[in-house]
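Nothing in this text is a laboratory measurement; each read-out follows from the coordinates by a stated rule. Bear in mind the structure is a predicted one, so any value in this text is a computation, not a measurement. Don't worry about glycine lacking a Cβ; one is built from the backbone with ideal geometry, like all the others, and counts go over all protein chains shown.
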Amino acid sequence: MILTTKTAEETIKLGTAIGQLLQPGDILALQGTLAAGKTQLTKGIAEGLGISEPVTSPTFTIISEYYGRMPLYHIDVYRLGSPEDFLDLGVDDMLYGQGVCVIEWSEKIMSELPSRTILIHIEAQPDSRRTLTITNWQYSADTLVQYEAVS
Ligand SMILES: Nc1ncnc2c1ncn2[C@@H]1O[C@H](COP(=O)(O)OP(=O)(O)O)[C@@H](O)[C@H]1O
Ligand SMILES: [Mg+2]
């Protein structure tokens with residue numbers, strides 16, 4: 001599924017639509033370069049999970065936890081050196097628990113994620129548009145198709 005957004009606000013709204021559909025145990029691997037929009041999308045996902053607390057980038061804290069209709073574990077692995085460092089954080093309880101994991105810079109640790117992981121690759125276009133390629137999506141696309149890319 002390939003979607004596009006024109007503004008950061010649209011990316012947040014798309015995230016909200018995604019967040020509303022997520023279920024306990026879901027893992028979202030976000031990929032894309034700096035400022036692609038991974039954190040903006042996560043802000044929306046949090047909203048869709050019923051989290052009212054503002055979401056900030058976990059680049060320095062590595063893991064932030066929020067509580068809505070289920071826990072959200074917002075993880076940023078940018079500063080980690082290796083996939084082993086990821087496991088050393090004690091993420092197993094999060095990956096195989098009853099919350100949702102959203103992982104920024106997941107390119108670095110894909111080998112450690114289960115096969116059910118939903119992959120969202122965000123690519124910044126020369127203007128403020130973003131192309132989001134979603135693979136392994138398990139739920140309805142009905143509320144997402146309004147963002148479908150037109151070629
Ligand atoms: N369509 C868009 N979607 C998401 N962010 C956008 C978009 N257009 C512009 N932006 C801007 O790009 C930046 C994305 O930042 P952020 O989400 O923190 O990126 P990342 O977490 O991928 O490093 C923000 O400053 C945001 O306002
Ligand atoms: Mg970020």
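In degrees between 0 and 90, to the nearest 10, how far off the longest principal axis of the chain does helix 8-21 point, with axes built from Cα atoms?
60
Between the helical axis of 38-48 and the dominant principal axis of the chain, each derived from Cα atoms, what acute angle in degrees is found, rounded to the nearest 10?
90
Mind listing the Cα extents of the chain along all three principal axes, in Å, largest one first?
42, 32, 29
Of all the stretches in the chain, which is the longest one without any exposed loop site, taking chymotrypsin sites (Phe, Trp or Tyr not before Pro) in a DSSP loop (any state but H, G, I, E, B) with at most 13 other Cβ atoms within 10 Å?
Numbers: sites that count: F60, Y96.
Between the exposed loop sites, the longest stretch runs 1-59.
If you find the alpha carbon centre of region 113-151 and of region 74-104, how far apart are they in angstrom?
What the calculation gives is 21 Å, centre to centre.
Report, in debye and to the nearest 20, how large the dipole of region 23-79 comes out about its Cα centre when Lys and Arg carry +1 and Asp and Glu carry -1 on their Cβ.
Numbers: 4 positive and 5 negative charges, 24 e Å.
That gives region 23-79 a dipole magnitude of about 120 debye.
Just want the ordering: D76, D26, D93, from fewest to most Cβ atoms lying within 10 Å of their own Cβ.
On the way: D76 23, D26 20, D93 10.
With the sparsest Cβ surroundings first, the list reads D93, D26, D76.
Two decimals, Cα atoms only, Kirkwood Rh: what is Rg/Rh over region 23-105? Mind dumping the intermediate values first?
Details: Rg = 11.9 Å, Rh = 12.8 Å.
Using only Cα positions, Rg/Rh for region 23-105 is 0.93.
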